[in-house]
Amino acid sequence: MDDIDSQKVEQTPIFQERLKDEGRDLLVSRLRNVLILGCFLYTSFYGLDIMAAPENHLIFLGLRLFVLLNFVVGIALLSSKHGPLIAAPLSIWELYVSTLAISVMTTEIGGFDSNYYIGIMFIIFVAALFLPWSVAATVASGLLTLASYFAVNVFFGPPESVKIVKAVFPFYFLSGAVIFVVVANYSKERTRRRDLRLRIQIEKANEELKELDNAKMRFFSNVSHELRTPLTLILGPLEVILRGNQNPDLRPLLEAMEANARRLLRHVNALLDFAKIDAGKIECNYEYDSLGKILQGLVIAAKPHLLNRKISLVMEGLDSIPETILDVDKVETMAANLLSNAIKFTPDGGRITIKAGEEGEIVWFEVEDTGIGIPKDKLDMIFERFHQVDDALNKNREGTGLGLAMVKQLARIHTGKVTVQSRLGEGTTFRIELPKRPDSKSLERRGIIGRRREDQMSYARTVALISPAGEQKSGSQTETLLADVLRSRFGNDQNTTHRIRNLAPPDAQKVLVVDDNQDLRTFIADLLADDYRVEMAQDGVEGLELARRWAPDLIVSDIMMPRMDGYEFTRQIRQDPSLSQVPVILATAKSGGEAVAEGLEVGANDYLAKPFEIRELKARVAAQLRTRRLERNLSERESRLAAIGKMTSAIVHDLKNPLSAIIGFAEITRQDILTGKGSEMVTQDLEPVISEANRLSRMIAEVLDFARGSSSDLNLVPTELAVYLETVCSPLKQKLTAMGIELILHHESGVNLLVNIDNDRMLRVVENLIRNAQEAIWTGCQDPRDKHIWITTRCDERSVSVRIADDGPGISPEMIPNLFDAFTTGKKRSGTGLGLATVRNLVLAHGGEITAEPKSAEGGAAFLLKFPRITSH
C-alpha cells in the first residue's frame with residue numbers, strides 16, 4: 001500500500017516539477033564548484049606530465065590549457081541567466097573534454113600501455129561523487145568517455161600497443177568505473193526522490209495540521225461565542241429580575257432565558273456526544289417507531305417560527321412510511337440538525353421540503369431547501385468537524401461547525417449514510433438512508449428481535465400511559481434540538497432595526513447596537529433605551545450604513561458577525577471622516593489579551609467580554625460618552641479661541657463702520673437741533689442712527705454667541721413651534737413685504753409640534769436665516785421684487801423639522817463643506833462671517849441638526865433644521 005501511495009505521489013506533476021527544479025539548481029551549484037576545483041587540479045597535474053613525458057610536455061600543457069579554458073567558459077555560462085537551462089549538457093561536455101584530452105595524451109606515451117587512463121577514472125569518480133546526474137545522463141557520459149578513449153588509442157596510438165591483450169586492463173577498469181558511477185547515481189536519484197517525497201508528505205501533513213489547528217481555533221472561538229452569548233441572555237435578564245428594575249414585564253425575560261438555556265443545552269449535548277463518539281461509548285438504542293411521525297413533530301415545532309420570514313415548510317410522503325427499527329433520539333438529532341441548517345441558510349420567502357420514503361431494505365428522508373447553496377469544491381469538506389462554508393457566501397455564521405459532522409457520525413453509527421447535492425445560489429438537498437433492520441446483536445441484546453412486534457407496540461403504549469410526562473419531554477426535547485432557529489422571544493421582527501421601548505428624552509445621546517444575535521441586540525437596546533436614543537443593526541454592513549445615515553454618539557458592536565465582522569466594522573468607522581471620533585465598544589465572547597489587543601489596534605475604545613453585567617455595560621457606555629463629550633467641548637473651545645484670535649482685526653474693522661455712521665449721523669442731528677430745524681428733520685437723522693445701532697448690536701451678539709458655541713446655557717421651555725414661528729415672523733413679514741419679498745409659513749403636520757427651545761436664542765437662529773435669505777435675494781437678483789421666502793414645518797415620530805428656503809440665486813456647491821465655518825461670508829461685502837457658525841452652534845446646543853441645500857426645488861438655497869420632538873401625553 002505504501003509503495004502504491006509513493007508511486008502516486010511521484011507521478012504527480014508537482015512532484016516531477018519540484019524534482020526537476022531541485023536537481024537543476026543542485027547541478028548548477030555543484031558543477032560550478034567542480035569546475036573551479038578542476039581549474040586548479042587539472043593544471044596541477046602538469047608536473048606529472050613533465051616527469052612522464054618530458055619530450056611532449058609542451059603538447060600536454062597545451063591540452064591542459066585548452067581544458068582550463070573550457071572550465072572558465074563553463075563557469076561564466078553557469079553564471080549567466082541561461083546557466084540553469086544548459087547545466088546538464090554543459091556538465092557532459094566538460095567531462096567529455098577533460099577525458100578526451102587525457103585520451104590524446106595517452107597516444108603520446110604508449111597508448112593502451114599508458115597508466116594515464118587512471119586520470120579518466122578519477123574524473124569519472126569525481127563526477128559521480130559531486131554531480132546529481134540522472135541515470136540516462138550518467139550512461140551517456142560513460143559510454144562517450146569509453147568510446148573516445150578507445151577510438152583515439154586505436155586510430156592514433158602506437159601500433160605496438162593496439163592489441164586486445166593490452167586494452168583489457170584499461171577496458172576492465174574504465175568499464176567498471178562507469179558501471180559503478182551508473183549504480184551510484186541511480187541510488188542517489190532514488191534517495192533524492194525518497195527525500196523529496198518525504199518532504200512533500202511532511203509539508204502536506206504540516207499544512208493539514210495547521211489547517212486542523214486553525215479549524216480548532218475557529219471551533220473554540222465559535223464555541224466560546226455560542227456558549228457565552230446564551231449565558232449573557234440568561235444572566236442579563238436574571239439580573240434585571242433580581243434588581244427589580246422599574247418592574248419589568250417578566251414573561252419576555254423568562255421566555256428569553258428559557259430559549260437561551262435550551263440553546264446552551266443543545267451545544268453542551270453536541271460536545272458531549274462527540275466526546276462519547278471519540279471514546280467509542282455511544283451506541284444505538286433501537287426500538288420500533290415511525291420515521292414519518294418523528295419528522296412531522298419537528299416540522300410542526302418549527303413552522304410557527306417561520307411565518308414571519310414567509311418560508312414555506314412542506315412535507316411529502318411522511319404518512320406513508322411504515323414503522324421501522326431505529327434509534328429515535330439519534331434520528332431526531334440528525335433531522336433537527338439538517339432542518340436547522342436549511343432554516344438558517346434559506347432566505348425569507350424561500351421553501352423547505354421534507355421528504356421521506358422506503359426503497360427495498362432502507363428507509364430514507366431528505367431535507368431540501370432553496371437557500372444559498374454550497375460551492376462544488378466545498379461539498380467534500382462540509383461533513384468534517386469544525387468546518388464551515390466560507391463566510392462570504394452566507395449571512396449567518398452562528399454555530400460551532402459540528403452539526404453536519406454530527407449527522408455523518410450518527411448516520412454511520414446507525415449503519416446508514418448521508419449524502420448531499422447542491423447548486424450554488426439554487427439550494428441544497430441532504431439525504432439520509434437508514435437500514436430497516438440494523439445491527440442484529442444490539443437488537444437481540446435489547447430484546448427487539450425475538451419479541452412479537454404487537455407485544456412491543458403494546459409495551460410502548462403502556463409506558464406512554466404510565467409516563468404522562470413523556471409527551472412533554474418529547475416536546476421539550478424538540479424545542480432544544482431546534483433552539484438555534486426558534487427565534488427571538490423579545491420579538492419576531494427580523495428587520496435591521498425593530499421597535500423597542502423608547503423612554504429616553506428627545507435630546508438624549510444616540511447609541512447604535514450592532515449584533516447578529518437578535519435576542520442579544522434587543523436586550524442591550526432595551527437596557528440602554530431608558531437613557532439613550534437607540535437604533536440597531538444585525539451586522540457590520542448594515543451597521544456602517546446606519547451609522548453614516550444616523551450619526552450616533554457611540555457604537556456597541558459584537559465581533560463575530562456575518563458579512564463584516566466587528567474588527568472590519570471598527571476599521572471602516574475609523575476611516576470615515578464623519579465617524580472617526582465616535583467611540584466604539586466591542587462586546588463579544590472573544591476573550592484573552594490577543595483578542596483585546598486586536599480590537600484596540602483597529603480603533604476600538606473599550607472591550608466588554610460576554611457574559612457581562614448590566615451595570616458594567618451601562619457604566620462603560622456612560623464613561624465613553626462622557627469622555628467623548630469632554631473631548632468635543634475642548635476641541636470646540638480650542639477652535640473658537642483660535643477663530644476669535646484670527647477675527648480680531650476683521651471685527652474691529654466691521655464694528656468701526658457702524659460706529660462711524662452712528663457718530664456722523666448723531667453729529668448731524670445735534671447740528672440740526674442747534675440750528676432749530678424741525679422734529680421731522682431730526683427724526684430723519686435719527687433713523688440711520690437707530691439702524692446702524694441695531695446692526696452693531698447684531699454683530700456684537702454674533703460674536704458673543706459664537707464665543708459661547710454649542711455649550712451655551714439654554715433656558716429650555718416646551719414650546720409649540722408652529723405658534724412660535726408665526727409670532728416671531730409677524731414683524732419680519734412687514735419689513736420683507738416692504739422690500740418686495742413675501743414670507744410664507746406652511747405647517748404640513750399641523751400646529752401641534754412641541755419642542756424644547758430657548759425662545760430668545762431660537763429667535764437669533766430664525767432672524768439670521770431669514771436675513772441671509774433676504775440678503776441673498778437683494779444681492780444676487782437684478783430685480784428683487786416678487787420674491788419669496790418659505791418656512792415649512794413638518795414632523796415624524798421622533799423629530800420636528802423646519803425648512804427655510806428662498807427663490808434667490810442659491811449657494812455655490814463648492815461652499816457647502818465650509819458653509820458653517822467661521823468667517824465664511826460668501827458674496828456678502830460686510831458682516832462678521834459668524835452668522836451661520838452661530839446658527840449651527842445654537843442648533844447643536846438644542847440637540848438638533850442643520851443641513852444646507854445649495855440649490856433647492858424653490859430655486860434658491862434651503863436650510864433644514866431638525867429638533868427632538870416632545871411627545872405630548
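Brief remarks follow.
- Protection proxy ranking for 74-83, 599-608, 123-132, using the average of other Cβ atoms within 10 Å per residue and placing the highest first: 123-132, 599-608, 74-83.
- Restraint check, Lys210/Lys378; Lys20/Lys204; Lys210/Lys330; Lys310/Lys355; Lys188/Lys210; Lys204/Lys376, Cα-Cα greater than 24 Å: Lys210/Lys330; Lys188/Lys210
- For peptides 147-159, 288-300, 509-521, sequence by mean Cβ density within 10 Å, most packed first: 509-521, 288-300, 147-159
- Taking 7 Å steps out from each Cα toward its Cβ at Asp507 and Leu238 produces label points 4.2 nm apart.
- The calculated FRET efficiency for the pair Ser635 and Ile816, based on their C-beta separation and a Förster distance of 25 Å, comes to about 0.70.
- 3J(HN,Hα) along the range 306-317, derived from phi through the Karplus expression 6.51 cos²θ - 1.76 cosθ + 1.60 where θ = phi - 60°, amounts to 9, 4, 5, 9, 6, 8, 7, 10, 10, 10, 9, x Hz, with x in place of Gly and Pro.
- Taking each residue as 0.36 nm, the span from Ile413 to Phe122 lengthens on full extension beyond its C-alpha to C-alpha distance by 98.0 nm.
- Once the Cα-Cα distance is subtracted from the 0.36 nm per residue extended length, the Asn206 to Ile362 segment shows a gain of 52.1 nm.
- A Förster distance of 22 Å, applied to the separation of the beta-carbon atoms of Trp778 and Ala666, puts the FRET efficiency at 0.25.
- Annotation: amide H-H contacts under 5 Å for Glu323 (H modelled 1.01 Å from N, sequence separation of 5 or more, or interchain): none.
- Rounded, prolate or oblate (a/c below 1.5 giving rounded, otherwise prolate when a/b exceeds b/c) for the range 563-633 by Cα gyration tensor: oblate
- Between Ala275 and Val596, the contour length at 0.36 nm per residue exceeds the Cα-Cα span by 112.5 nm.
- Here's how it looks for Arg869: its modeled amide H is under 5 Å from those of Ser799, Val800, which are all 5 or more places away or on a different chain.
- Carbon and sulfur %, accessible surface of the range 503-561 computed with the full protein complex present, 1.4 Å: 46
- Using the Karplus relation 6.51 cos²θ - 1.76 cosθ + 1.60 with θ = phi - 60°, the per-residue 3J(HN,Hα) values for the range 849-857 come to 9, 9, 9, 10, 10, x, 9, 8, 5 Hz, with x marking Gly and Pro.
- Mean Cβ neighbour count within 10 Å, used as a protection proxy, ranking 193-205, 572-584, 339-351 highest first: 339-351, 572-584, 193-205
The values are calculated or read from the model by the stated rules, or taken from the named source; none is laboratory data. Since the model is a prediction, treat every value here as computed from it, not as a measurement. Here Cβ is always computed from backbone atoms with ideal geometry, including for glycine, and neighbour counts include all displayed protein chains. When the accessible area is computed, the model is the full protein with side chains, heavy atoms only, and any ligands, DNA or RNA have been set aside. Shrake-Rupley method; radii C 1.70, N 1.55, O 1.52, S 1.80 Å.
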